[in-house]
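Structure, as structure tokens:
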Amino acid sequence: MTEDSKGRGRRAAGRRRRKPAKGRRALVIVAWSAAGVVLLGGAGLGYFYFKLNGNLKTVDIDQALGTDRPQDVDNGSMDILVLGSDSRGGANAAYGSDDGGSARSDTAMIVHLYEGHEKASVISIPRDLMTVRPECPTGKGKTDPGGPRKQFNEAFTIGGAACAVKTVEKISGIRMDHYLEVDFTGFKKIVDTLGGVQVTTSKPIKDKLAHVDLPAGPNLLNGEQALGLVRTRHGVGDGGDLGRIQLQQAFIKALIKQVKGIGLFDNPKQLLDLADTGTKALTTDRALGDVKSLMGFAQSLKGIDAQDMQMITMPVTTDAIDENRVAPLKKESQLVWDALLADRPVPAEATVNSTGDKGTAGAVVR
């Protein structure tokens, strides 16, 4: 990546070019629900540039990883790694024992925006996936050697955003164009600033560990309840991570519908409050690390609606060594990565044998 005269990162020649979206509707989608709303909030508030710009936190992925990355494909598509950060330190300590402030990535999604940015595929990567972790920088000139059998979500704990991106690129063979991260506290505040998110549950969901207790039927979730819903492992299904992923995917679609229905652009105060809250909660790669860049990025996504998203879990099966972990289905996973590299929809045969898409947890929320 090169820099302009003001020190801002510019995309080098040969990287993916975005064609302008044709459907300019007042809706935005970018994977993890909080991140998508953050971008929508930033899209219409250029005159608050300095205030919002000061809120943003960035990480220079390109500098950290250098040239040890997959080749970028210039076909008009874009791939974004979206993480939910799970530190139990500070304001997040209420959700479990304090881990000294170290962070984990309990939610990870690859968002693939197809050429024209009118459709997207979202591939969830299980936190409990056993995979090859590459050598990663850990700061102060040190590196972690990685290894052939490592749990996926440890990459973020060990080497932060750069190691998470490098591990995803190793798994998929796809270069990530951007990186977005939201933590527990930020997610709650974003949902509360929106006025809540409406979901309907087909059965009660109760999980003391996740701080969620919802009756069956319509529920307007505040930030605490929404966070509990996307975090619960024990309230629905078999208590595993794959069921939680299905709940997260269902919640994303509910949130997108909510944003479309509340007329956010007709309420300047709410839009400003949301942008302020969201930019404080968000960490991005350097290329998206200013409001002007976020505004342009968000504008290119406004043609995507909930029904324009294909959402799946990376094809996995029960790990042969540890039944509480999962392992990739190599043939089926390669079908997913090949489709994204070619900018095509993920074929149905990629998920036929996958444990990740056979659960029923997703049907509980709509």
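I'd like to verify a number: residues in region 148-176 that are acidic (Asp, Glu) and at pLDDT 95 or above, how many?
Total meeting the criteria: 1.
Answer yes or no: is there a residue in region 256-266 that is in contact with a strand residue (DSSP E or B) (Cβ under 9 Å, 6 or more places away or on another chain) and farther than 22 Å from residue 311 by Cα.
no
Would you please list the contacts, defined by Cβ atoms under 7 Å and residues six or more apart or on different chains, that run from a residue in region 291-309 that is over 18 Å from residue 181 (Cβ atoms) to a residue that is among the acidic types (Asp, Glu)?
From residues that are over 18 Å from residue 181 (Cβ atoms), the pairs are 303/118; 304/118; 308/118.
Please specify each residue of region 233-245 satisfying the condition of being part of a loop (DSSP other than H, G, I, E, B) and either surrounded by fewer than 24 Cβ atoms within 10 Å (Cβ to Cβ) or touching a Phe, Trp or Tyr at 6+ places or on another chain (Cβ under 9 Å) (or both).
Within region 233-245, 233, 234, 237, 238, 239, 240 meet the criteria.
Just give me the residues in region 300-346 being assigned to a loop (DSSP other than H, G, I, E, B), of a type in the set (A, V, I, L, M, F, W, C) and at pLDDT 95 or above, in sequence order.
Result: 314, 320, 321, 329, 342, 346.
Listed here are the residues, each with its yes/no results for (1) free of Cβ contacts under 8 Å to residues at least 40 places away in the same chain; (2) closer than 30 Å to residue 285 by Cβ; (3) out of contact with any Lys or Arg (no Cβ under 9 Å at 6 or more places or on another chain); (4) aromatic (Phe, Trp, Tyr).
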position	(1), (2), (3), (4)
161	no, yes, yes, no
174	no, yes, yes, no
182	no, yes, yes, no
198	no, no, no, no
221	yes, yes, yes, no
224	yes, yes, no, no
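Taking the condition of being open to solvent by less than 20 Å² (accessible area, probe 1.4 Å) and either basic (Lys, Arg) or over 17 Å from residue 119 (Cβ atoms) (or both), how many residues in region 299-322 meet it?
5
List every residue pair whose Cβ atoms sit under 7 Å apart, with the two residues 6 or more apart in sequence or on different chains, where the first one lies in region 122-137 and is under 25 Å from residue 63 (Cβ atoms) and the second, anywhere, is hydroxyl-bearing (Ser, Thr, Tyr) and open to solvent by 10 Å² or more (accessible area, probe 1.4 Å).
135/143; 136/143; 137/143
Filter region 323-366 down to residues that are open to solvent by 80 Å² or more (accessible area, probe 1.4 Å) and out of contact with any strand residue (DSSP E or B) (no Cβ under 8 Å at 6 or more places or on another chain), then give me how many there are.
Qualifying residue count for the region: 10.
Can you name the residue in region 49-73 that is assigned to a loop (DSSP other than H, G, I, E, B) and open to solvent by less than 60 Å² (accessible area, probe 1.4 Å) and is also farthest from residue 283 (Cα to Cα) among such residues?
Top of the filtered list is 73.
The values are calculated or read from the model by the stated rules, or taken from the named source; none is laboratory data. Only a predicted model underlies this, so the values are computations on that prediction, with no experimental measurement involved. Cβ: placed from backbone, ideal geometry, glycine included. Neighbour counts: every protein chain shown. Just so you know, the surface numbers come from the protein's heavy atoms only, side chains and all, with ligands and any DNA or RNA stripped out. Shrake-Rupley method; radii C 1.70, N 1.55, O 1.52, S 1.80 Å.
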